[in-house]
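Have a look at the structure below, then the notes.
The values are calculated or read from the model by the stated rules, or taken from the named source; none is laboratory data. As the structure is a computational prediction, the values presented were derived from the model and not from experiment. To get the accessible areas, we keep the full protein, side chains included, count just its heavy atoms, and leave off ligands, DNA and RNA. Shrake-Rupley method; radii C 1.70, N 1.55, O 1.52, S 1.80 Å.
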Amino acid sequence: SGTRKLSDHSYGRAIDVNPLFNPFVKRNKVEPENAEAYIDRDNIQAGMIQRDDCVVRAFKNRGWQWVGDWKYAKDYQHFYKY
């Protein structure tokens, strides 16, 4: 990320699942940039993580949090556990 600080990913406390189909979205920012087709979460496609699907349940049952639940930014790919 351009810093000297190690990320939560490097410590095994965060994981991203299929970033193209599950982008980070905040206001007009979408990452990765070519993931705009997957912003509309009602247009379900294979590989997209959805609230309460088997992927979200599997992580949450093991104590992880999903950033797709956040209110102002959505990082549909990102799970973390502290």
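I'd like to check one number: the per residue accessible area of the chain, probe 1.4 Å, reported in Å² as a whole number.
Accessible surface, normalised per residue, equals 72 Å².
Just tell me which lysines come within less than 22 Å, Cα to Cα, of Lys26; anything on the same chain fewer than 8 places away is out.
Lys71, Lys74, Lys81
Rounded to the nearest percent, how much of the accessible area of the chain (1.4 Å probe, protein heavy atoms only) is carbon and sulfur?
50
Probe radius 1.4 Å, ligands and nucleic acids left out: which of Arg62, Arg41, Arg57 has the largest accessible area, and how do the rest follow?
Greatest to least solvent exposure: Arg62, Arg57, Arg41.
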